[in-house]
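The structure appears right after this line, and notes come after that.
Coordinate-derived values only; no laboratory data. It should be emphasised that the depicted structure is a prediction, and the values quoted were computed from it without experimental measurement. Cβ placement follows ideal geometry from the backbone for every residue including glycine, while neighbour counts extend to all protein chains displayed.
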Amino acid sequence: TVPEGIHSPSDYLPYAKERLPPEIWRYLEEGSANNVSLQANPHAFDSIHLIPRPLSDVRSGHTKITLFGQTLAHPVILAPLAYQQLYHPHGESASAMAASAQEGQSCVSSLASQTLEDIISAAGQPLWFQLYWQENRERTLKLLQRTIAAGYNAIIFTVDAPVKQATIQLPTTIQPINLDLPAPFPALLPQQSQVFNGWMAQAPRWEDLAWLRDQTSLPLLVKGILHSEDAEKVINLGCDGLVVSNHGGRVLDGTPASLACLPPIVSAISGRGKVLFDSGIRNGRDIYKALALGADAVMVGRPYIWGLATAGALGVAHIIRLLRDELELTMALTGTASIQEITQEKIQISRNQNR
Ligand code: FNR
């Protein structure tokens with residue numbers, strides 16, 4: 001059940017922490033290396049200021065958006081997070097069900113702990129699928145085709161984590177059950193590099209993205225883009241959009257805050273594709289700020305897992321509702337009646353804060 005006295009998503013944090021074994025909590029919350037990017041993500045929102053616009057008529061206000069032909073009641077999409085049965089026995093199904101109940105969307109990870117088919121049937125609506133490259137084209141295509149057959153209706157291809165670093169020992173009951181066992185790693189010669197000749201030999205390259213684009217007519221977005229030249233390349237290859245993300249500060253430590261990378265990418269794309277944003281969103285004001293900087297929608301990661309760990313599907317649904325309530329309140333206080341009206345003119349960017 002949902003605890004008393006919850007007013008904002010972060011109120012769930014202590015409950016989730018209390019319920020989870022310490023090593024699982026650490027795996028959820030950790031960043032990479034020195035946590036520089038992890039910490040930069042939420043702080044970046046502090047230098048964006050909201051300007052109240054009292055006396056505005058917002059009685060027609062709403063948070064609806066349309067993405068790839070689907071109308072969503074709000075722009076909060078559940079980010080793909082691996083192995084959700086670590087947090088609750090109902091795992092990914094609970095999260096997907098909650099997103100549906102809140103008339104939103106969720107994205108299922110390649111590393112889900114339940115079958116793609118079970119998750120989509122729990123959701124009762126088409127979902128998005130997050131694709132990780134599966135060593136080669138043949139294996140990747142097999143997974144993509146299974147996803148399409150199961151009824152997923154958009155593909156988010158994550159490219160920022162080509163080197164898999166498992167920082168948690170998974171219990172035998174929780175596994176990436178939708179994936180074939182990895183092929184044995186080719187043996188390296190003594191002078192060869194584990195990184196360049198090992199891991200990166202199985203990582204996707206630009207020509208593989210071009211190939212992937214040709215394999216499906218579903219909307220295809222690339223997740224993990226921080227450079228505006230890469231954003232342009234993604235769009236020029238015919239993708240439908242991208243996710244500006246530093247993977248919640250979990251891969252390359254030392255990247256700028258994800259939010260800092262959003263404006264240049266939005267201007268590089270200039271409306272030729274959808275720009276989604278994630279990493280560091282913790283409340284509805286953060287969502288408003290990301291949209292004001294040009295994002296079309298946002299993804300939220302760790303906060304919904306706090307809800308999942310605390311109260312299963314109900315907790316996730318509550319987190320989504322809290323984020324939406326806070327977004328609505330922010331809109332009302334800033335005289336903003338629709339998502340389209342959330343523009344740069346509504347915010348002030350402070351330049352003396354070096355973040
Ligand atoms: C992730 N993320 C992630 N991304 C992805 O594309 N596939 C995945 O399997 C995972 N798995 C995963 C596990 C855990 C525990 C975390 C915290 C994150 C990244 C995720 O989709 C998203 O980019 C970040 O979580 C966004 O940052 P916040 O909202 O957590 O700050």
**Study point:** Cross-link pairs beyond the 20 Å C-alpha cut-off, checked among K17/K289; K142/K233; K223/K274; K64/K289; K289/K346
**Key:** K17/K289; K142/K233
Review point. Rounded if a/c is under 1.5, else prolate if a/b is larger than b/c, else oblate: which is segment 167-322, with a ≥ b ≥ c the root eigenvalues of its Cα gyration tensor?
Key: oblate
Exercise for review: Any chance you could tell me what percent of the C-alpha pair distances in the chain go past 31 Å?
Suggested key: 31
Point to revise | Cα Rg, Dmax, segment 297-355, angstrom units | key: 15.0, 42
Exercise for review: Please work out, to two decimal places, the log10 of the ratio I(q)/I(0) at q = 0.16, 0.22 Å⁻¹ from a Debye calculation in which every Cα of segment 33-120 carries one identical scatterer.
Suggested key: -0.90, -1.06
**Study point:** Where N is the number of residues in segment 85-215, Cα Rg divided by 2.2 N^0.38 Å
**Key:** 1.16
Check your understanding: Going from the alpha-carbon gyration tensor of segment 202-257, what semi-axes, largest first and in whole Å, does one get by taking the root of 5 times each eigenvalue?
Key -> 22, 12, 10
Study note, to complete from the structure: Kirkwood Rh over alpha-carbon pairs of segment 21-71 plugged into Stokes-Einstein at 10 °C, 1.306 mPa s gives a D in µm²/s of 100
Check your understanding: Over segment 3-93, what is the mean sequence separation of C-alpha contacts under 8 Å (at least six apart), divided by residue count, expressed as relative contact order in percent?
Key -> 15
Point to revise | Charge sum, other residues only, whose C-beta stays under 14 Å from T140's C-beta, Lys/Arg counted +1 and Asp/Glu -1 | key: 0
**Study point:** Span-rule helices in the chain, defined as complete DSSP H runs reaching 15 Å or more along the axis (Cα) with Kyte mean at least 1.6
**Key:** 258-269
Study note, to complete from the structure: Here the percent of antiparallel bridges among DSSP beta bridges lying wholly in the chain, to the nearest 5, is 20
Review point. What is the set of long-range amide H partners of Q130 at a cut-off below 5 Å, with H atoms built 1.01 Å from backbone N?
Key: V108, S109, S110, I156
Study note, to complete from the structure: Residue-normalised 222 nm signal for the chain, counting each DSSP H run of n ≥ 4 as -39,500 (n - 2.57), nearest 500 deg cm²/dmol, is -11000 deg cm²/dmol
Review point. What are the principal axis extents of the Cα atoms in segment 231-318, in Å, biggest first?
Key: 43, 27, 24
Review point. Per the Kirkwood formula on distinct C-alpha pairs, the Rh of segment 146-195 is how many angstrom?
Key: 14.9
Point to revise | Where N is the number of residues in segment 113-158, Cα Rg divided by 2.2 N^0.38 Å | key: 1.12
**Study point:** Normalised contact order of the chain, rounded percent, pairs of Cα under 8 Å and 6 or more residues apart
**Key:** 29
Revision key, fill the gap. Scaled by the rule-of-thumb 2.2 N^0.38 Å, the alpha carbon Rg for segment 177-226 gives a ratio of 1.52
Check your understanding: How would you order 24-31, 186-193, 151-158, 306-313 from highest to lowest mean count of nearby Cβ atoms within 10 Å?
Key -> 306-313, 151-158, 24-31, 186-193
Check your understanding: In a solvent-free Debye calculation with one equal scatterer on each Cα, what is log10 I(q)/I(0) for segment 71-145 at q = 0.18 Å⁻¹, listed in the order of the q values?
Key -> -0.69
